[in-house]
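Student: A single structure is presented below for examination.
Any read-out appearing in this document is the output of simple, stated calculations on the displayed coordinates, not a laboratory observation. Please read these numbers as outputs of a predicted model, since none were measured by experiment. So basically every Cβ, Gly included, is an ideal-geometry build from the backbone, and we count neighbours across all protein chains shown.
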4 protein chains.
Amino acid sequence: MVDYVKDFTWKKGITVRELVAGYSQIGYQSVELKKASDVIVKMKKDGAKIFLTFTSNMVTSGLRGFFAQCIRLGMADIVITTVGGIEEDIMKAKGERFQLGTFERDDVELHEQGINRVGNILVKNESYMNFENLLRPVIAGLYAKKKRWAVSEMLREIGLQLNDEDSILYQAAKNNVPIFCPAVTDGAFGFHLYLFQQDHPDFVIDVVKDFGNILYATSHDDKKGVIALGGSISKHHAILATLLNGGAEYAVYMTTAHKTSGSMSGATTNEAKSWGKVKDESDVATVIGDVTITFPLVMIRAFEELDAENLLRK
Amino acid sequence: MVDYVKDFTWKKGITVRELVAGYSQIGYQSVELKKASDVIVKMKKDGAKIFLTFTSNMVTSGLRGFFAQCIRLGMADIVITTVGGIEEDIMKAKGERFQLGTFERDDVELHEQGINRVGNILVKNESYMNFENLLRPVIAGLYAKKKRWAVSEMLREIGLQLNDEDSILYQAAKNNVPIFCPAVTDGAFGFHLYLFQQDHPDFVIDVVKDFGNILYATSHDDKKGVIALGGSISKHHAILATLLNGGAEYAVYMTTAHKTSGSMSGATTNEAKSWGKVKDESDVATVIGDVTITFPLVMIRAFEELDAENLLRK
Amino acid sequence: MVDYVKDFTWKKGITVRELVAGYSQIGYQSVELKKASDVIVKMKKDGAKIFLTFTSNMVTSGLRGFFAQCIRLGMADIVITTVGGIEEDIMKAKGERFQLGTFERDDVELHEQGINRVGNILVKNESYMNFENLLRPVIAGLYAKKKRWAVSEMLREIGLQLNDEDSILYQAAKNNVPIFCPAVTDGAFGFHLYLFQQDHPDFVIDVVKDFGNILYATSHDDKKGVIALGGSISKHHAILATLLNGGAEYAVYMTTAHKTSGSMSGATTNEAKSWGKVKDESDVATVIGDVTITFPLVMIRAFEELDAENLLRK
Amino acid sequence: MVDYVKDFTWKKGITVRELVAGYSQIGYQSVELKKASDVIVKMKKDGAKIFLTFTSNMVTSGLRGFFAQCIRLGMADIVITTVGGIEEDIMKAKGERFQLGTFERDDVELHEQGINRVGNILVKNESYMNFENLLRPVIAGLYAKKKRWAVSEMLREIGLQLNDEDSILYQAAKNNVPIFCPAVTDGAFGFHLYLFQQDHPDFVIDVVKDFGNILYATSHDDKKGVIALGGSISKHHAILATLLNGGAEYAVYMTTAHKTSGSMSGATTNEAKSWGKVKDESDVATVIGDVTITFPLVMIRAFEELDAENLLRK
């Protein structure tokens, strides 16, 4: 079966589903985007356990509520992210708001105003301070329950205490989706765990145990799919965890990084074949572009297709 | 007025117009994409003359029909492209079809099969040969009319001979939109002009005259807007032509190139301010990403907004 | 003082030091590269504690010996990397060799041959298996000494057992340079820690304690400099650790990522100012490019300058 | 023969030649850079006619003198560039100086000061005005000689009037190296040609004839090599011209663009094989990175190798 380039044209009121269908015959990255959507539909229909990974800057952005929705609708069975994403999810659940700015703001001036910049998003120092005030009693509460916590268990406990439909931690806890965060100390969270441990030396965050948890989150016999947004250790951890269970059947990588420097962020689903990371026969797609644009397109079209077949969680 | 990041969520049957509205509060490039759409709506409402520029690889893709539609609906008053785009528009108008492949095809094998690759699009040698057979009588016909042709005049003549609603040259000719192509010899077209000139030394392609044509295509008093897709001389030529008429009021640049190497392809609308290329007070946006994904989003949303106000050409 | 572009020309036998001097007047990234070298010279002369961070793919490459040399010569006081880099440093110290390939190898074929690909570098499955056999007794040895290990303490113990001048762990241990690895379970290492913990539940890897170790590796009063190669958590961890001690005075970021997606990998030294991550008055430089090319240039020129003033460790 | 990754280390006084030799065993782009240098040495030793192409922003930078040196030493038999590069070469030959700035300058402020920005290089409006005053008598002088000029013939005439060892046009004229510029009207040059033609309608710039000139600059039997820096029509024109003469035996592409969008700028030497653009058996290399850093490395090492065998023009 041969596919041909086909002239795309606008029709009034066109839906996202129709646009992504049109992408399949435009060429370059639009074709890969449509393919990524197909792979996601296929992994869901096939009953694969889905690993969804993203980096913290995406939680800073308005994708946070979309990730929560993905979890709620059953499109993520395991979530992996970095600790900044955890922190900002909690901050937002507690009412902090982040402002939209520009990439060219005067950073010295922003610093004087107590504002931090993440690309074109602005976060007040105050929001971090509020978060830190909040964190101390939470940690104390955890310690009161037990002394030794695997990271995913701790995040589940915290998620149960939130009450925000758009929260990743809340939806994950409610839907029994574990969140893994292999470098939990790499943020304000880590600092407060450290401060608490100073006074309570028997308090242990057990990252080694959590490695067992991610291994047992799926079995060798489960079909497995990876949706990796951005790179970093979130992506690598999903690949590693699936590999140790025989490899993933499906993989979608969406990133702005290119493969030419040999980085994990830029590694393509093709390279993953050499690692046995995705099985040779896997259905795979790599989409180059900013995920704040591309991921909603890919996933909305998958939602629509799966919804039509009643395959989304009610 | 302060804008805040807002959690984006899917609603069943969501339209492209709604999605792009949602982008305005996600962050990073999605915000720039929405802004680009706003700038286009604004330049149209303001009655600006619109320069639309694109590179030939975009005409190889299925964006070709979309560009033709942009011209038909009045969203381009001047078009600038490279000669490969002209050639492939004609080839497609004559029924040639391009196949979709992958970025990883074995290129030596493709060459042996007489297939050329442009990213993940495949073009048969045969398609080029058919084009060349077609071109000779066309050039002879032009020469029979007069000996000295400005490029845009020649392209208009050719456009009038095509009969394909999805053709850029056809729609441009029909709607009195000039197409400029400052390096017309940089392709098979150039080779055939050369062969013809060998036998007809008085045959002249007058690029200097065409510079006058682009200058007079708008006046100093016209408001002007630039929509530059990709980089290269198409983008530069639009900036130059508007600059010599006092500068553009509006500019949207969409590209995969970054500003860090000082190239025209990566030059942002911000840099353009220093050139007086866009006036200081201009409404401008730069979107980083593959235009096969981003341009349909930006322009469809503009179409919908303008259609609602009856501002598209019937 | 105004700097002008100056025509660069080759002189026979030109040294790297002379070339980098010439870069200062070429423009675009070459100017940033020279500036990065200046910042490194300045941070060293100023007695700053230097945080050197890199990602694991750089240890896969031949930069490994260069990093070891940087440590030996006193250009790194704190090292931060990801666990893949730790693993491959040990593998190489034990004699494993990695083959050079191409970016376009057939990955399914490689997988069948038991070969893994990292960009254009090939690693045999056998090398990993040898590493794993090696790791078990090492972990048992650690456990015999004590039950609870901070990561950096564990890596120091392992470094002392190696005997390879080109090894990062060896040079770090020998020169009392701590190596931090905030996500130590994200690799084969993590798997074997997990297996060992299954049989020895009182074995604890204490990542929280290590956060204290990195905080106390420098003081609030120390001047601090960051040299971040690539992005990921290694870069973020250095920024976080210096920030909690009042911020860094100097920062050099070298990466292939761009700032347009709001990722940590692409965050520039400019953005860092808004975070108070680098102090406002800091000397900073961001160089876009593959570090296998740019870092040797930047650092060799710094070595030469500092050596001339007897400021390298003997 | 299998190549292995080898730990790179600094030796005091290391030359560029030694560094590039070291690159051959580091990995990722450093390996490609060394390969590019090998390909250039090989094409020269093999007596290939060398097409050197670059974009105008590189002439804005200090690479201008290096390009002139490449021509003088016999490393370019045909030069292709865009008209901005021609203009700035002449401006510099007449004493104009460009200032080094930063990528983050306030562009509105620069515009008010009459300064234009190209990345981190600043050009005064005054420099352009001086150039334009200079250009008018030059064009008049050309017209006095004859009415119809091919672009390369015109550029040769101008080059003979300059007297600057670091000038591209001067060295090209002196060494009988033609310079092709397929879009000569895309700049201030075009505007002045147009003004002159208004008063002298029989003045013709014959781009079609120049296509013949580039075809006859090499023969089908010549071995041919392409060194393409950046993308755009300069790169495409070299590929086209060699293709019509049977294809190039050697090709080196150096660019910051990636292949994922199907653009000419990002097209790799691999893709070129499918076009028959480079012959299947060609020696080819693609280096991703800023050419202000990478091209001096690649070419200096080639100079040193060729000089050792007395293969540079005296």
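Student: Express as a percent, rounded to the nearest 5, the fraction of DSSP beta bridges in chain D (both residues included) that run antiparallel.
Tutor: Once the DSSP bridges in chain D are tallied, antiparallel ones form about 20 percent.
Student: Using Cα atoms only, what is the angle between the long axis of helix A:207-217 and the major principal axis of chain A, expressed in degrees (0 to 90) to the nearest 10?
Tutor: Compared with the principal axis, the helix lies near 40 degrees.
Student: Further question on the same structure: Remind me, relative contact order of the stretch C:240-314 in percent, using alpha carbon pairs under 8 angstrom and six or more residues apart?
Tutor: Rounded, it is 34 percent for the stretch C:240-314.
Student: Cα-based Rg (one decimal) and Dmax (whole number) for the stretch B:1-99, in Å?
Tutor: Radius of gyration, then largest Cα-Cα span, for the stretch B:1-99: 17.1, 53 Å.
Student: Then there is this: Can you list the copy-to-copy distances for residue B:113, using a point 7 angstrom from Cα toward Cβ, in nanometres, shortest first?
Tutor: Label point to label point, same position, other copies: 2.4, 5.7, 5.7 nm.
Student: Could you give me the ³J(HN,Hα) list for the stretch D:306-314, computed from phi with Karplus coefficients 6.51, -1.76, 1.60 and θ = phi - 60°, whole Hz, x at Gly and Pro?
Tutor: Computed from phi, the couplings for the stretch D:306-314 are 6, 4, 5, 10, 6, 9, 8, 5, 7 Hz.
Student: Kirkwood Rh over alpha-carbon pairs of the stretch B:81-218, then Stokes-Einstein at 10 °C and 1.306 mPa s: what D in µm² s⁻¹, rounded to an integer?
Tutor: After rounding, the answer is 99 µm²/s.
Student: Let me ask something else. I'd like the orientation of helix A:83-93 relative to chain A: the angle between its Cα long axis and the longest Cα principal axis, in ° from 0 to 90, rounded to 10.
Tutor: 80
Student: Test of understanding: in a Gaussian network model of chain D with alpha carbons linked when under 10 Å, which of D:254, D:299, D:129 would top the mean-square fluctuation ranking?
Tutor: Maximum fluctuation in the GNM of chain D, among the listed residues, is at D:129.
Student: Give the value in nm², to one decimal: projected area of the alpha carbon convex hull of the stretch C:185-314, averaged over all directions.
Tutor: Orientation-averaged projected area of the Cα hull: 10.9 nm².
Student: Roughly how many whole Å is it from the C-alpha centroid of the stretch C:143-175 to that of the stretch D:25-65?
Tutor: 43
Student: Using θ = phi - 60° and the Karplus relation 6.51 cos²θ - 1.76 cosθ + 1.60, list the HN-Hα couplings for the stretch B:3-12 in order, rounded to whole Hz, with x at every Gly or Pro.
Tutor: Result, rounded to whole Hz: 9, 10, 4, 9, 4, 8, 9, 6, 10, 3.
Student: Do you know the relative contact order of the stretch B:174-282, to the nearest whole percent, from alpha carbon pairs under 8 angstrom that are 6+ apart?
Tutor: Reported relative contact order: 21 percent.
Student: What is the helix-to-structure angle for A:125-145, meaning the angle in degrees between its Cα long axis and the longest Cα principal axis of chain A, kept from 0 to 90 and rounded to the nearest 10?
Tutor: Once rounded, one gets 70 degrees.
Student: Suppose each label sits 7 Å from its Cα in the direction of the beta carbon; what would the residue B:199-residue D:140 distance come out to in nanometres?
Tutor: 4.3
Student: Pull up all non-local amide H partners of residue B:49: gap of 5 or more, or a different chain, and H-to-H distance under 5 Å with H placed in the peptide plane.
Tutor: B:223, B:224, B:225
Student: Just tell me which aspartates and glutamates come within less than 15 Å, Cα to Cα, of residue A:273; anything on the same chain fewer than 8 places away is out.
Tutor: A:249, A:281, A:283, B:104, C:104, C:106, C:107, C:109, C:112
Student: Please work out the Cα center distance from the stretch C:245-266 to the stretch B:273-314, rounded to the nearest Å.
Tutor: 31
Student: How high is the relative contact order of chain A? Use alpha-carbon pairs under 8 Å, at least six apart in sequence, and give a whole percent.
Tutor: Result for chain A is 24 percent.
Student: Additional query: Between residue C:218 and residues 5 or more places away or on another chain, which pairs have amide H atoms under 5 Å apart, with H built 1.01 Å from N, and which residues are they?
Tutor: For residue C:218, no residues qualify.
Student: Using 1/(1 + (r/R0)^6) with R0 = 35 angstrom and r between the beta carbons of residue A:219 and residue C:124, what's the FRET efficiency to the nearest 0.05?
Tutor: Working from the Cβ atoms, E equals 0.80.
Student: If you don't mind, another one. Can you tell which of A:32, A:126, A:249 shows the greatest fluctuation in a Gaussian network model of chain A with Cα springs below 10 Å?
Tutor: Comparing A:32, A:126, A:249 in the GNM, the peak value goes to A:126.
Student: To confirm my reading of the symmetry, which residue of chain D has the Cβ nearest the axis that brings D onto A, and what whole-Å distance does it have?
Tutor: Nearest Cβ to the rotation axis, residue and whole-Å distance: D:258, 2.
Student: Provide, for q = 0.19 Å⁻¹, the log10 of I(q)/I(0) from a solvent-free Debye sum over equal Cα point scatterers in the stretch B:41-154.
Tutor: Those come out to -1.08, one per q.
Student: Report, by chain and number, residues whose modeled amide H sits under 5 Å from the one on residue B:80, excluding near sequence neighbours (fewer than 5 apart, same chain).
Tutor: The answer is B:52, B:53, B:54, B:180.
Student: Could you tell me how many cubic angstrom of Cα convex hull volume the protein assembly as shown has per residue?
Tutor: 158
Student: Which residue fluctuates the most in chain D, going by a Gaussian network model with Cα springs under 10 Å, if the choices are D:226, D:31, D:298?
Tutor: Fluctuation is largest for D:31.
Student: Spelling out what I want: for every residue of the stretch A:164-170, take phi, set θ = phi - 60°, compute 6.51 cos²θ - 1.76 cosθ + 1.60 (Karplus), and round to whole Hz; glycine and proline get x.
Tutor: Karplus values, whole Hz, x for Gly and Pro: 8, 4, 8, 8, 5, 5, 5.
Student: Relative to 2.2 N^0.38 Å, what does the C-alpha radius of gyration of the stretch A:174-231 come to as a ratio? Two decimals please.
Tutor: Cα-based Rg divided by the globular estimate yields 1.46.
Student: Still on this model: Once every DSSP H run of n ≥ 4 in chain B is given -39500 (n - 2.57) and the sum is divided by its residues, what mean residue ellipticity at 222 nm do you get, rounded to the nearest 500 deg cm²/dmol?
Tutor: After summing the helix terms and dividing by residue count, I get -15000 deg cm²/dmol.
Student: If you don't mind, another one. For the pairs B:146/D:147; D:42/D:223; C:235/D:34; A:35/A:224, flag any whose C-alpha to C-alpha distance is greater than 21 Å.
Tutor: C:235/D:34
Student: Residues of A:96-108, mean number of Cβ from any other protein chain within 10 Å of their own Cβ, rounded to a whole number?
Tutor: 6
Student: How many nanometers, to one decimal and shortest first, lie between the label point of residue D:200 and those of its other copies, if labels sit 7 Å from Cα toward Cβ?
Tutor: Ordered by increasing distance: 2.7, 8.9, 9.0 nm.
Student: If you don't mind, another one. To one decimal place, what orientation-averaged projected area in nm² is obtained for the convex hull of the Cα set of chain C?
Tutor: That works out to 18.6 nm².
Student: Separation between the residue C:147 and residue D:163 pseudo-spin-labels, each 7 Å from Cα along Cα→Cβ, expressed in nm?
Tutor: With each label point 7 Å from Cα toward Cβ, the separation is 8.9 nm.
Student: Which distances, shortest first and in nm, link residue D:165 to the matching position in the other copies, using label points set 7 Å out along Cα to C-beta?
Tutor: 4.2, 6.7, 7.6
Student: If I take R0 = 41 Å and measure r between the Cβ atoms of residue B:308 and residue A:46 in this structure, what FRET efficiency does the formula 1/(1 + (r/R0)^6) give, to the nearest 0.05?
Tutor: After rounding to 0.05, the efficiency reads 0.45.
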